[in-house]
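J.: A single structure is presented below for examination.
The values are calculated or read from the model by the stated rules, or taken from the named source; none is laboratory data. All values reported here derive from a predicted model rather than from experimental measurement. Note: ideal-geometry Cβ built from the backbone for every residue, glycine included; neighbour counts use all protein chains shown.
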Amino acid sequence: MKKDFINEDWSEVVVIVLERNATEKQIENVIKHLEDYGFSVHKSTGVEQIVLGAIGVQPNFDSRKISIIDGVLQVHRITEPFKLASRTFQKENSVLKIKNVELGGVAIPVIAGPCSVESEEQMMTIAEIVKNAGAKILRGGAFKPRTSPYSFQGLGEEGLKLLRKAGDEYELAVVTEVMESGQIEIVEKYSDIIQIGARNMQNFSLLRELGKTQKPIMLKRGMAATVEDWLMSAEYILASGNKHVFLCERGIRTFETYTRNTFDVSAIPVVHKRSHLPVAADPSHATGLRDKVVPMARAAVAAGADAIMVEVHHDPEKALSDGPQALLPKQFEDMMKQLKAIAEVIGRTM
């Protein structure tokens, strides 16, 4: 059913809304007609109805050919440049199930851990701290994209093994970054979520390859990316076959120098209005300063973030990367209490 049509003319894509009582036979018949016309079909199953997205539409195609098929309620053309990520294609929020964690639902899971995996002792210590405070997902970089070629670049596969061991020991899902296509297979082996960092948001060949996996993908916003740029990058993954995608706002580069980046908290409700994809927030990279992380995490929850990702380190002065933005254990515990209070006010849970 799903083929990679990323190189096709995406000027128009058709959404077919099926009748609520459409039978499986009718649905398969609609899909067969669409494929016979040369379309790639993506199926979205919501609570109330099933929607089909037909990709590869020719501008002169007569959509009435589809509207008369039994089981079809409505046929629409999507006008947004991002098709599968749009609310037109899927009105209900996507909810990703990652082990025992739901992302995109009522609960707001917290992703926490060090910037880089440094040692077994470090990972076990931090995993215990964040687990006891209420985190659901453990983060840690094994491959690190660093501005300087002389900075610590990560432990590679050894780091992945340590991350996985700590996650298993404390029953935490784990997330880590992939920097190039050649790392996908090994990261898939150890990680529950694959992270695409800001520097790779528009690495389209990498995004295509990740579309061939079925691992959940966390796509961070590029430092100079608009919301539309960001959603179009997500579209590469979705169109290549992987629908398990969520976004992460991590700050954008502006002329301001008092913080590492400028945290665009408004991007969270903007994306929610335009797209069904969950949106996480990373105030650690957004601000780059420990004392600014907790206030921005509070703001992100209030703005509707579906997950919060922060860096935590028990000895940040000795951290091999990003120590100044890592929360101390007590700060993390206090933050979790504050976020819980804010979540309850807006009808959500931590």
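J.: Given the conditions (1) more than 28 Å from residue 133 (Cβ to Cβ); (2) surrounded by fewer than 21 Cβ atoms within 10 Å (Cβ to Cβ); (3) touching a residue at least 40 places away in the same chain (Cβ under 8 Å), and given that residue 211 satisfies all but one, which numbered condition is not satisfied?
T.: Only one criterion is unmet by residue 211, namely (2).
J.: Tally the residues that are crowded, with 18+ Cβ neighbours inside 10 Å and polar (S, T, N, Q), restricting the search to the stretch 190-208.
T.: The number of residues fulfilling the criteria is 4.
Residue-wise test of (1) part of a helix (DSSP H, G or I); (2) surrounded by 15 or more Cβ atoms within 10 Å (Cβ to Cβ); (3) not charged (D, E, K, R).
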| site | (1), (2), (3) |
| --- | --- |
| 48 | no, no, no |
| 53 | no, yes, yes |
| 69 | no, yes, yes |
| 76 | no, no, yes |
| 80 | no, yes, no |
| 123 | yes, yes, yes |
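J.: Now a separate question. In the stretch 82-116, how many are in a strand (DSSP E or B) and within 17 Å of the chain's Cα centre (by Cα)?
T.: Of the residues in that region, 11 qualify.
J.: Looking at the stretch 153-172, can you tell me whether even one residue there is at pLDDT 95 or above, under 30 Å from residue 273 (Cβ atoms) and either surrounded by 15 or more Cβ atoms within 10 Å (Cβ to Cβ) or in the same structural domain as residue 251 (by TED's automatic domain parsing) (or both)?
T.: Checked against the condition, which is being at pLDDT 95 or above, under 30 Å from residue 273 (Cβ atoms) and either surrounded by 15 or more Cβ atoms within 10 Å (Cβ to Cβ) or in the same structural domain as residue 251 (by TED's automatic domain parsing) (or both), the stretch 153-172 yields no hits at all.
J.: In the stretch 184-215, how many residues are of a type in the set (A, V, I, L, M), assigned to a helix (DSSP H, G or I) and within 25 Å of residue 252 (Cα to Cα)?
T.: Number of matching residues: 4.
J.: Can you name the residue in the stretch 83-97 that is among the hydrophobic types (A, V, I, L, M, F, W, C) and out of contact with any Ser or Thr (no Cβ under 7 Å at 6 or more places or on another chain) and is also surrounded by the fewest Cβ atoms within 10 Å (Cβ to Cβ) among such residues?
T.: 95
J.: From the list 21, 29, pick out the single residue that is modelled with pLDDT of 85 or more and loosely packed, with under 13 Cβ neighbours inside 10 Å.
T.: When all the criteria are applied, what remains is 21.
J.: Let me ask something additional. Out of the residues in the stretch 246-275 that are of a type in the set (A, V, I, L, M) and without any contact (Cβ under 8 Å) to a residue 40 or more places away in the chain, which is farthest from residue 203 (Cα to Cα)?
T.: The extreme case among them is 265.
J.: Now for a separate question. Hey, can you tell me all the residues within the stretch 315-329 that are surrounded by 16 or more Cβ atoms within 10 Å (Cβ to Cβ) and either without any contact (Cβ under 8 Å) to a residue 12 or more places away in the chain or within 18 Å of residue 154 (Cβ to Cβ) (or both)?
T.: 316, 319, 320, 321, 322, 323, 325, 326
J.: Still on this structure: Just to be sure, is residue 128 assigned by TED's automatic domain parsing to the domain that holds residue 217, modelled with pLDDT of 95 or more and not in a loop (DSSP other than H, G, I, E, B)?
T.: For residue 128, the condition - assigned by TED's automatic domain parsing to the domain that holds residue 217, modelled with pLDDT of 95 or more and not in a loop (DSSP other than H, G, I, E, B) - is met.
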